[in-house]
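J.: Quick one: structure below, then a few questions.
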2 protein chains.
Amino acid sequence: MVQNKEVFSEISPADFFYRNRDIAGFSNPSRAIYSAIREFVENSLDTCELNAIPPDVYIRISYVSGDMEGPATYKIRVEDNGGGVPPEHIPMAFGRVFYGSKYKLRQTRGTFGLGGTMAILYGQITTHKPVYVMSSTGTSKIHENELTIDIQRNKPVVLSQRTKDNKARWHGTVVELQIEGDYFRAMPKILDYFKQTAMVSPYADIVFVDPRGRLYMFQRNTTKMPSAAKEVKPHPYGVDVETIQRITRATDAKDMASFMTTHFHRVGEKIAQKFLKEAKIDPDLDPKRLASHDIVSLVHHLKSFKEFLPPDASCLSPLGEELLEKGVRKELTPEFVAVDQRKPAAYSGFSFIVETAIAYGGEVQRPGIELYRFANRIPLLYDEASDVSWKVISTLINWRHYKIAPEVPIAIIVHLCSTKIPYKSVGKEFIADRPEVEREILNSVRELARKLSLFISRKASVEREKEKFDIFTKYMPKIAHFSAKLAGKSKDANIEPLLKNISKLDPED
Amino acid sequence: MVQNKEVFSEISPADFFYRNRDIAGFSNPSRAIYSAIREFVENSLDTCELNAIPPDVYIRISYVSGDMEGPATYKIRVEDNGGGVPPEHIPMAFGRVFYGSKYKLRQTRGTFGLGGTMAILYGQITTHKPVYVMSSTGTSKIHENELTIDIQRNKPVVLSQRTKDNKARWHGTVVELQIEGDYFRAMPKILDYFKQTAMVSPYADIVFVDPRGRLYMFQRNTTKMPSAAKEVKPHPYGVDVETIQRITRATDAKDMASFMTTHFHRVGEKIAQKFLKEAKIDPDLDPKRLASHDIVSLVHHLKSFKEFLPPDASCLSPLGEELLEKGVRKELTPEFVAVDQRKPAAYSGFSFIVETAIAYGGEVQRPGIELYRFANRIPLLYDEASDVSWKVISTLINWRHYKIAPEVPIAIIVHLCSTKIPYKSVGKEFIADRPEVEREILNSVRELARKLSLFISRKASVEREKEKFDIFTKYMPKIAHFSAKLAGKSKDANIEPLLKNISKLDPED
């Protein structure tokens, strides 16, 4: 017998992320304070947008103790005017990993339902202080909680709860916690984060007060909000046997025909009948009587049936070309902007829309291409080289083909929105190169490159023409004068009509 | 009151990874079959090494159904001769996320305790088939289990259990499962994975049979194994308040002095006393009476006290220069190899060792640098551009400084071993650029670059010398003959001694 040296044990979800905080974006004090801010701001914007409230988000970081040159203790306070968290959910929503409101098929910034709790957990393990949460859904009461997380048991420990009157019927959430962070190293990223968030959320008011008391205001320039994202049923192409099994367990449908139309995205009576016929499934079969191999066969047919309608993009909430251009003009002030929104597409049954913009000249001055990446309106600031958009602009597009030299100052903005962003890490920093997504980004950026190419070559023509015209303007009078003298005339010929004529010529002819 | 549209709910750990399988390396059928193979092989190698058994690992992938041109159903079987899983742990170890044997501070390939269960989960959701596990720790019995995972409850569902006699006292584990995968797209990576695993585990016998029945054998060329990695206590620099709290809850130590020496890595009586004095903590204080702010203050002092000994590397199990060179020569057959092992270092209290090798010429023929990355003997094959080693060789080292031109064919091997590899993703594909780790890799690769530079310039000298010598050999006889004729001598002077002399000259003088 082997005296096996392996010891088996179990850890809680909170413990897993406590041990592996690197993978959730909390790898060092600089990254941690950035991630904490980001997670809370995203939760605030999500709740506002979902409830169609123009967001007012206030963030304050204040110094508590330690040496500000390196990692020190800071207090973070984030306030929003969103929907608020119902009182019975407050302890769990903030003090338990894998408990949250993001586990729906819907376009939200948050996807893992993890970030807020991770930030609280990180604050706790570095400062040992509880988090303070105040929230109201706009009822007559405001609820206050102080809590810590029992990491080994993945449970909130409520230290105090208070209720106060809410005469103003305020709704929203306030979170305040202490955390060890390296603010001054994280500062450039944090400011970039706010700037870029403002670029794609021009309807939000964001106020940020930093530890030195400096105030950064990002004011809305519109109150027009994109329509709220809706929850959708799974698309037949995206399901697996686990999903089907869960649906059969929970369904009230009595036969396969209504099973199909009730539980799947864009499956109507007619398509359901046609599909069941092709899959050789009895339309009258009780879904609860599907055997194991029936489910496997059903999934295979769902994936291969050609006549399902593509996912509907009405569940998505893209920015739209108008808002995108507004945002880019506001934050980058370029000489030239072109925007492009692709038609809705889908990967593995999840619909998505790619929106892109290109900005050139003006205050865009750094030579080369600067890439701004967004996913469901989150700016992605780290690990650019692993992102699909980077792959597209740096290896798949031949810029010389568009006569755009490497030193031309360009900014490219790529926004992907989807009910499920294919992130490659829990830290939500870069997007996988799913072929369908890559193709849409590629085509969109090509479209922009064409437009910019046209603009640049027109600009060059205009410059060449102007140069030519300048030469004419300079020498024509001399020639006219000389000719007049030669012909013995006392008055020069009028050259104005001639010059006008020249300036109208297309210099390319 | 806001009719908040957010709905709060909880999901299980298995459900979380089911929904977000991309982040665990199961993003598509090609990646999934690669990850599944890798996770099982790593578990097999880990258990063998931990129990000091030279590994015999057998992997077979066989075709089950579907179109082999794309995603199809395959059966994967992995057998090892490791320590085996005790029967009472089999269902949980294979059917429950966050249950395993990797939650110790010890150098192992596995770190998340997640991979095997993820592979089983992925197999289940794509094929709806149970996994078969057979294992024995070398007792008189062999235990067989068939099980599936209840994903929503994160629990194994045992379908059948059998016990049979084990007269041969076999020990090890056999896992067999069905999975949807795209074998032929994954094949190059899978073969690379085996080849590179063989490179850093020259003491392992690995046999792989692919779906076409092709046999790949990677035979050990040594039975000498690196010493097994040991579990270590946490180092004072690496702890946080959560760790201290857990230790105080569990400790039997009656005073702070014994608390320090019992629970921390490399803290002896003398250092403990000195530390407690500096931290102004009473050595006789009962650890269970530490108040919340005492713990925070203790952690700050632990991090800033200068006299703790650095982490001991005896817990690590590097390959060693000899085994590394053997592996590189065996798999790459280059003209020149240099290896380098750095002294043990530490980041955040986790000790690590960097080992590197450089190979040049011979069968290394592709122009440019090919990078082979390893972490705790796992080959890392994806997302190279995000890895710290890539950063080092592509941006931090100035190869021209070493007179190594960009088109010179080089292979660089970087092996990091640590009780905790700072992975940036659950998929274990790339390592974060922790400054301490980056510095060690940089210095090590610089050392190799110097050695290679010397070799190449010597080689060039030899070539130049040979060229010079060839010219002499060609013209000297002519000159000698001409001189002889001129002098009226009938016999040419003997030039042999002269040529010998020249060939000994250092051409650089």
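Taken together, the values in this text are just the output of simple stated rules run on the coordinates, not laboratory data. Note that the structure is predicted; figures quoted are calculated from it, not measured. Note: ideal-geometry Cβ built from the backbone for every residue, glycine included; neighbour counts use all protein chains shown.
J.: Please work out whether the stretch B:86-142 counts as rounded, prolate or oblate from its C-alpha gyration tensor, where a ≥ b ≥ c are the square roots of the eigenvalues and a/c under 1.5 means rounded, while otherwise a/b larger than b/c means prolate and anything else oblate?
T.: Judged from the Cα gyration tensor, the stretch B:86-142 comes out oblate (a/c at least 1.5, b/c at or above a/b).
J.: Under a Cβ-only charge scheme (Lys and Arg +1, Asp and Glu -1), can you give me the dipole magnitude of chain B about the Cα centre, in debye to the nearest 20?
T.: With only Lys, Arg, Asp and Glu charged at Cβ, the dipole is about 900 debye.
J.: Tell me the chymotrypsin sites (Phe, Trp or Tyr not before Pro) within the stretch A:56-135 that lie in a loop according to DSSP and have at most 13 other beta-carbon atoms within 10 Å.
T.: Answer by residue number: there is no such site.
J.: Points 7 angstrom from Cα along the Cβ direction at A:ASP282 and A:LYS468: gap in nanometres?
T.: Those two pseudo-labels are separated by 8.2 nm.
J.: Does anything in the stretch B:171-194 have its amide N under 11 Å from the 7 Å Cα→Cβ label point of B:VAL64, and if so which residues?
T.: Hits in the stretch B:171-194 for B:VAL64 at 11 Å: B:176-181.
J.: When we measure straight from the Cα of B:LYS451, which aspartates and glutamates land under 13 angstrom away, once same-chain ones fewer than 8 places off are left out?
T.: Partners found: B:ASP340.
J.: Could you give the size of the charge dipole of the stretch A:313-454 about its Cα centre, using +1 on the Cβ of each K and R and -1 on the Cβ of each D and E, expressed in debye and rounded to the nearest 20?
T.: The dipole of the stretch A:313-454 has a size of about 240 debye.
J.: Still on this model: Please name which of A:ILE76, B:HIS401, B:PRO287 has its Cα lying farthest along the dipole of the protein assembly as shown towards the positive end, using unit charges on Cβ (Lys, Arg +1; Asp, Glu -1) and the Cα centre as origin.
T.: Going by the Cα projections, it comes out as B:HIS401.
J.: How much net charge surrounds B:ILE142 when only other residues with a Cβ under 15 Å from its Cβ are counted (Lys, Arg +1; Asp, Glu -1)?
T.: Local net charge: -2.
J.: Which of the GluC sites (Glu not before Pro) across the stretch A:328-434 are loop residues per DSSP, with 15 or fewer other Cβ within 10 Å?
T.: A:GLU335, A:GLU363, A:GLU407
J.: So, with +1 on the Cβ of K and R and -1 on the Cβ of D and E, and no other charges, what is the size of the charge dipole of the stretch A:1-75 about its Cα centre, to the nearest 20 debye?
T.: 200
J.: Could you work out how far the C-alpha centroid of the stretch B:125-143 sits from that of the stretch A:285-330, in angstrom?
T.: 37
J.: Another question about this same structure. Classify the protein assembly as shown: rounded, prolate or oblate, from the alpha-carbon gyration tensor (a ≥ b ≥ c, eigenvalue square roots; a/c under 1.5 rounded; otherwise prolate if a/b is larger than b/c)?
T.: Cα axes put the protein assembly as shown in the rounded bin.
J.: Order by neighbour count: B:LEU159, A:LEU45, A:LEU105, B:LEU121, fewest other Cβ atoms within 10 Å first, most last.
T.: With the fewest neighbours first, B:LEU159, A:LEU45, A:LEU105, B:LEU121 line up as B:LEU159, A:LEU105, A:LEU45, B:LEU121.
J.: Which trypsin sites (Lys or Arg not before Pro) does the stretch A:236-333 hold that lie in a coil by DSSP with at most 11 other beta carbons within 10 Å?
T.: Of the trypsin sites (Lys or Arg not before Pro), the ones in loops of the stretch A:236-333 whose Cβ has at most 11 other Cβ atoms within 10 Å are A:LYS280, A:LYS306.
J.: Assume the label is 7 Å from Cα along Cα to beta carbon: what separations in nm does B:ARG246 have to the matching positions in the other copies?
T.: Copy-to-copy label distances at B:ARG246, shortest first: 3.0 nm.
J.: Also, quick follow-up: If you average the alpha carbon positions of the stretch A:231-265 and of the stretch A:79-116, how far apart do those two centres end up, in angstrom?
T.: Taking the Cα centre of each part, the stretch A:231-265 and the stretch A:79-116 sit 26 Å apart.
J.: Can you find, among B:ILE151, B:ILE378, B:SER35, the residue sitting farthest towards the positive end of the charge dipole of chain B, where Lys and Arg contribute +1 and Asp and Glu -1 at Cβ?
T.: The one lying farthest along the dipole's positive direction is B:ILE378.
J.: Can you give the Rg to Rh ratio of chain B, both from alpha-carbon atoms, with Rh computed by the Kirkwood formula?
T.: 1.11
J.: Quick one: with label points 7 Å out along Cα→Cβ, list the inter-copy distances for A:ARG450 in nm, shortest first?
T.: So the label point of A:ARG450 gives 5.7 nm to the other copies.
J.: Within 10 Å of each Cβ in A:382-391, how many Cβ atoms from other chains are there, averaged over the peptide?
T.: 3
J.: While we're here: Partner chain Cβ atoms within 10 Å, averaged over the residues of A:426-439 - can you pull that number for me?
T.: Across A:426-439, the average partner-chain Cβ count within 10 Å equals 2.
J.: Something else: Quick one: 3J(HN,Hα) in Hz for the stretch B:280-288, Karplus 6.51/-1.76/1.60 with θ = phi - 60°, rounded, Gly and Pro as x.
T.: Going residue by residue, I get 6, 10, 5, x, 8, 4, 6, x, 5 Hz, with x marking Gly and Pro.
J.: Using θ = phi - 60° and the Karplus relation 6.51 cos²θ - 1.76 cosθ + 1.60, list the HN-Hα couplings for the stretch B:208-215 in order, rounded to whole Hz, with x at every Gly or Pro.
T.: Listing the rounded values in order: 10, 10, 8, x, 8, x, 6, 9 Hz.
J.: Just going by the charge dipole of the stretch B:236-304, with Lys and Arg at +1 and Asp and Glu at -1 on Cβ, which of B:PHE259, B:ILE271, B:LEU298 is farthest out on the positive end?
T.: The one lying farthest along the dipole's positive direction is B:ILE271.
J.: From other protein chains only, count the Cβ atoms within 10 Å of every residue's Cβ in B:235-248, then give the mean.
T.: Counting Cβ atoms of other protein chains within 10 Å of each residue's Cβ and averaging gives 3.
J.: List, shortest first and in nm to one decimal, how far the label point of A:SER160 (7 Å from Cα along Cα→Cβ) is from its counterparts in the other copies.
T.: 6.2
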